Structures are given as structure tokens and as C-alpha cells.
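Q: My structure is below; once you've seen it, I'll send some questions.
No lab work stands behind these numbers, since they all come straight from the coordinates. As the structure is a computational prediction, the values presented were derived from the model and not from experiment. Cβ placement follows ideal geometry from the backbone for every residue including glycine, while neighbour counts extend to all protein chains displayed.
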Amino acid sequence: MEDITEVKDIVQIILRTDEIERDGSNGSNISIPIYDISSEEFLEFAENAIASETKEGMVNTISNLKRALDCEMDMFFESINVKRIFDKKNLKFEKKSQFLADIGLFPIQTINKLNFIRNKLEHEYKTPEIYDLHTYYELVWSVVKILDLYLELLFTNGEINLELHIEKNVYYFTMKHDIKGCAFIFEIIDWTKGKEREQKRLDVTLKNQEDTDGFVKAFNVFLLSIQYFDYGNLNLYKMKMKKLIKTEML
């Protein structure tokens, strides 16, 4: 079995498989923070403010939508133990939202539109158009709901185990999301009958901002593997893995 030194090596192994059997999964050690005011409450405040149809209401809508978005993103990042990295570097909203796009949670077009509307409403000192407010509300609402769903997905799938069949060889593949260690762990054991049980392991850890690129790649592979584990569509799994390579992400 060849060495595994980068995330792209994991992807190449997956692309070579003839069959993948789903063996089992375990939950994670995610701890979701509880704030005094939740993102859903900020959304409700914003919805009530829009309904008032006053200038004050429109301004309050912007403020509460910004709070809802910041609250949800902070909750997500704190839950997966990366908020400390963003806080250390004092990274702005655009960097945080870009991270969400990079790990595959949202199309970059959605993030760009969200950033554009947010900046427009925040920096132009005039009463916002009701259309812009409704568009902003719908985008923020979608972000909140999607992040909640992904947190649930990560909570129930902290570790997944797959059996890879490549020609006449069999490999046991374990992927683990270590929240406390802020790392993804990939481990492959050669289970081929009559062969020595050779083992290869790759740890991808986020210790500082410079580690972000590798961590993002590992995050993508892990999320796509969770989706395969849940739905079992091998062709779709491979297609999405190929897309990662075609976009030169890996």
C-alpha cells in the first residue's frame, strides 16, 4: 500500500475503488454552545421589524439580521472548535463566510451575494429598499438552517468506517473528526486475505491560520464521505471527489 502524506492521496484511493461497503459510524464529541439570545430569536426580531414598515423597523431589521448571522456562525465555529483560530487573527466576516463556502456548505455565489448585501446595507447611510431587506432575510434564514443541519450531521457522524474494494484487495478505512484536537484523522488498514495488515494514517490538524488549506480539504472529504455513508451512491461520491480535483482544490 502506497504512502498517504496528503489529503489528495485519500481522494485517489477512493477514486480507484470498485466497491465501498458501509460498516458503521459513531457520534462525535461536539458541544454546541447555548447563548442567551439565539440566532432564531434574532431572526424573529428581524421579521417583526420588517412587518412594522417604518424607517426604524427597517434599520432594526438590518441590525438583527447581522446579529442572527454572526450568532449562528460563531455557534458553528465554536462547536467545531475553530472559533479560537478566527478570533486569534481577528478575521472579518468575509473570511469566515469564505471558509463556509470552501468546505462546501454553500455555493460561493451565495456567499458573495450575502457579503454584497450585508456591506451595502451596513455602509450606505440611507433607508434600505424593502426588496433588499427581504432578500437579506431569506439568505440569512437559509444560512442559519443549513448550518444547524450540518451541525446535526457532524454530531451524529464523528467517525465513519468503510470497507474499500480495489481489484482483489480489501482495505478498512476509518475517518474521524476529532473536535477537541481540531483534526481529521484518516486511517487505512490492508485487510486483503493472506497479506500483512499494513496500516497508514494521516492526521490533518488546524493549529493556526496557516493550516487552513489542508484542514479545508480534509473537511470536504469528510463531509462527502458522510453523505456517501448516509445515501450509498458510489457514482455520486466519486463524481464529487473528482470535482474536488478538477477545481484544483487538492
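Q: Read phi for every residue in the stretch 157-171 and hand back ³J(HN,Hα) as whole Hz from Karplus 6.51 cos²θ - 1.76 cosθ + 1.60, θ = phi - 60°, with x for Gly and Pro.
A: 10, x, 8, 10, 10, 10, 10, 9, 10, 10, 6, 9, 9, 10, 10
Q: For the stretch 55-66, in order, what is each residue's ³J(HN,Hα) by Karplus, 6.51 cos²θ - 1.76 cosθ + 1.60 with θ = phi - 60°, in whole Hz (x at glycine and Pro)?
A: 4, 4, x, 5, 5, 5, 4, 4, 4, 6, 5, 4
Q: Hey, fewest Cβ within 10 Å first, where do SER25, SER142, SER79 land in order?
A: With the sparsest Cβ surroundings first, the list reads SER142, SER25, SER79.
Q: So between SER31 and ALA51, what do we pick up on full extension, going 0.36 nm a residue minus the alpha carbon distance?
A: Net length gain for the segment: 3.7 nm.
Q: Per residue of the stretch 40-46, what does 6.51 cos²θ - 1.76 cosθ + 1.60 with θ = phi - 60° give for ³J(HN,Hα)? Whole Hz please, x for Gly and Pro, Karplus curve as stated.
A: So the Karplus estimates, Gly and Pro as x, are 5, 5, 4, 4, 5, 4, 5 Hz.
Q: Which of the trypsin sites (Lys or Arg not before Pro) found in the stretch 132-240 are in a DSSP loop and have at most 13 neighbouring Cβ atoms, other than their own, within 10 Å?
A: Answer in residue order: LYS168, LYS180, LYS193, LYS195, ARG197, LYS207.
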